[in-house]
Amino acid sequence: MPAEVDCQIQAYEVDRLKAEEQIAIFNKLYNVVAVVGTIDPGLPDAPYISLESIISGSEMEKLDKALQVCMTTEQLQQFKEQLIHSFSLERVINSITILDAHLVMDNIDRAINKFNQLSGHQLGNITKMSLYVHVSCLIERLIRNEPITSYDLEQLSDTEDQRLFKWIKESFSVIEKIYSVEIPASEYGYIFDIIQADA
């Protein structure tokens with residue numbers, strides 16, 4: 001972010017962004033122009049931009065629109081050039097986790113390949129990028145014993161959703177074995193959301 005820009009980047013856990021009282025505090029303290037991350041917290045007045053879409057460049061127009069309130073055209077161009085320079089998938093994963101990015105991505109590939117076999121469906125590149133970033137953060141959360149615990153599993157009501165959820169659990173159990181962690185159903189729920197969006 002250019003130093004002279006009156007705009008701040010704040011980091012928060014998704015659970016905090018879903019709490020109504022916390023949202024009220026944010027709205028009093030800040031003019032929230034966008035939320036960037038791996039999970040959409042569903043803030044009503046702020047557009048969500050996925051981290052992987054920034055890496056891939058697929059939602060730069062949405063980012064432009066959000067930042068126009070605090071940047072000139074020249075500043076925005078400078079900011080985007082810095083982003084392009086800084087963002088490779090492996091570099092992003094290295095910056096947001098303590099884990100070996102190359103090894104993590106290989107292990108996530110194993111889970112994705114298993115899912116592709118079970119479902120008979122090849123996940124798209126954007127979905128894979130989402131999973132690389134999201135599951136890397138998930139592994140670190142579990143190692144630190146800080147899992148996301150809120151997810152409405154009741155929405156997985158029909159047979160198709162339940163079958164997809166079962167395939168996801170079976171596929172990503174490889175991550176549990178490699179890192180000696182247990183992925184809770186709530187965390188599997190967010191993986192489900194990412195994969196279901198690919199369908």
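Things to note:
- Residue check, residue 12 of a type in the set (Ser, Thr, Tyr), surrounded by fewer than 14 Cβ atoms within 10 Å (Cβ to Cβ) and within 22 Å of residue 140 (Cβ to Cβ): yes
- Every residue from the stretch 1-35 that is part of a loop (DSSP other than H, G, I, E, B) and not aliphatic (A, V, I, L, M): 2, 4, 6, 7, 8, 10, 12, 13, 30, 31
- Residues in the stretch 36-62 that are assigned to a helix (DSSP H, G or I) and hydroxyl-bearing (Ser, Thr, Tyr) were compared, and the one that is surrounded by the fewest Cβ atoms within 10 Å (Cβ to Cβ) is 56.
- Flag for residue 134 being open to solvent by 80 Å² or more (accessible area, probe 1.4 Å) and either part of a helix (DSSP H, G or I) or under 18 Å from residue 53 (Cβ atoms) (or both): no
- Just one of the listed residues (103, 118) is at negative phi, open to solvent by 90 Å² or more (accessible area, probe 1.4 Å) and at pLDDT 85 or above, and it is 103.
- Restricting 150, 157, 171 to residues that are assigned to a loop (DSSP other than H, G, I, E, B), more than 17 Å from the chain's Cα centre (by Cα) and either within 29 Å of residue 54 (Cβ to Cβ) or among the hydroxyl-bearing types (Ser, Thr, Tyr) (or both) narrows the list to 157.
- Cβ-Cβ distances below 6 Å connect no pair with a first residue in the stretch 144-162 that is closer than 16 Å to residue 17 by Cβ and aromatic (Phe, Trp, Tyr), a second residue that is at pLDDT below 80 and open to solvent by 90 Å² or more (accessible area, probe 1.4 Å), and a separation of six or more residues or different chains.
The values are calculated or read from the model by the stated rules, or taken from the named source; none is laboratory data. What you see is a predicted model; the values in this text were computed from it and never measured. Cβ atoms come from the backbone with ideal geometry, glycine included; neighbour counts cover every protein chain shown. What goes into the accessible areas is simple: the full protein's heavy atoms, side chains included, and nothing from ligands, DNA or RNA. Shrake-Rupley method; radii C 1.70, N 1.55, O 1.52, S 1.80 Å.
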